[in-house]
1. Quick one: which residues, 5+ away or cross-chain, put their amide H under 5 Å from the amide H of Gly172? H built at 1.01 Å from N.
2. With every protein chain present, what accessible area does Arg268 have (1.4 Å probe, heavy atoms only), rounded to the nearest 10 Å²?
3. R0 = 41 Å: FRET efficiency of Ile129 with Lys225, Cβ-based, nearest 0.05?
4. Could you work out how far apart the two model spin labels at Arg109 and Arg188 are, taking each label as a point 7 Å from the Cα in the direction of the beta carbon, and quote it in nm?
5. To the nearest 0.05, what FRET efficiency results for Leu49 and Arg5 with a Förster distance of 45 Å applied to their C-beta separation?
6. Structure shown: which of Lys83/Lys184; Lys39/Lys103; Lys68/Lys214; Lys132/Lys225; Lys39/Lys68; Lys68/Lys132 lie over 30 Å apart, alpha-carbon to alpha-carbon?
7. Taking the range 77-118 as the region of interest, what is the percent of Cα-Cα pairs per 10 angstrom bin, listed from the shortest bin to the one with the maximum distance?
8. Quick check on packing: order 98-104, 248-254, 195-201 by the mean number of other C-beta atoms within 10 Å, highest mean leading.
Amino acid sequence: MHNLRRLYMKLAKIIDIAVILLSFVLSWFIKFNSGLFDKPASLDIQTYLLIVALYVPLYLFFLTIFYKEEKRSNFDLFSEFSKILQSNIFALLIIVAIFYILKLVDFSRIFLFIFIVLNFSISILQRLILKKILFSPNSKIISKEKVLFVGLNEISERLSRIFEKNNYQIIGYITEKEVSEKEKTIGRIKDIESIVNNNHVDEIIVALPLNQEKEIDYIVNICEKYGIRTYLIPDYFKFIPSKAEIEKIEGIPLINIRYSPLDEWTNRF
């Protein structure tokens, strides 16, 4: 379910490095070579390059932290823009603090402002373009992953619509009901192995009640046999908030459904 998202994240971070370098070059030109500002640079370009040397690891570090704190697997652009802005601000604050500690107080504040604005703007633009390329339903660059749903209910249909929007191909639903083209049901649970054999299934989403333990166990074994990624939607889904977290105590998984804002170190700060 997250292969495409992981690819997006890796590509975005690689491009981020190029964006930071581009933002530095553009900022240097605008501030010191464009003629828009009269005051020349008080420090040499090597000192300003120190900003880039520090900014790249700091920015990527904070961006990684903020993404890890986001438990939801969605593609909310506003949420992502917020992470980019926060990462820029935190990285800038640390760099300014380092410059003051080193007593390099003659650096241009206007340059830093231009640099942050450009880096933020170009980062957003590159993500919009990258998402368009990767997640567009008409994308020819990335092949669609095929998803099979086991269980037909409100949650599986809702998730199916979300997957289709994010460039996944829905093979259909497996249920205990009669096969219906209208409902996209393509077979019953006992038919799952033949369906898997006849389709290149990348992922199986199990949306069955937990009291169907035998059926779930059978499906998991089939997925193990064919090396298919498997996800289980718990039938107590409505009780689980968006920021639920799975914890383990001596191998026993626990779902943490009580989120506290102060659990995040940024909020405590």
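1. Those lying under 5 Å, H to H, from Gly172 are Phe149.
2. The accessible area comes out at roughly 140 Å².
3. E(calc), rounded to 0.05, equals 0.55.
4. The answer from the label model is 7.5 nm.
5. 0.85
6. Those over the limit are Lys83/Lys184; Lys68/Lys214; Lys132/Lys225; Lys39/Lys68.
7. Whole-percent P(r) values from 0 Å outward: 26, 47, 20, 6.
8. So the peptides 98-104, 248-254, 195-201, ranked by packing, come out 195-201, 98-104, 248-254.
The values are calculated or read from the model by the stated rules, or taken from the named source; none is laboratory data. The shown structure was predicted, so the numbers you read here are calculated from the model rather than taken from an experiment. Glycine gets a Cβ as well: all are built from the backbone with ideal geometry, and neighbour counts include every protein chain shown. Ligands, DNA and RNA are stripped out before the accessible areas are found, and what is left, the full protein with its side chains, is counted by its heavy atoms. Shrake-Rupley method; radii C 1.70, N 1.55, O 1.52, S 1.80 Å.
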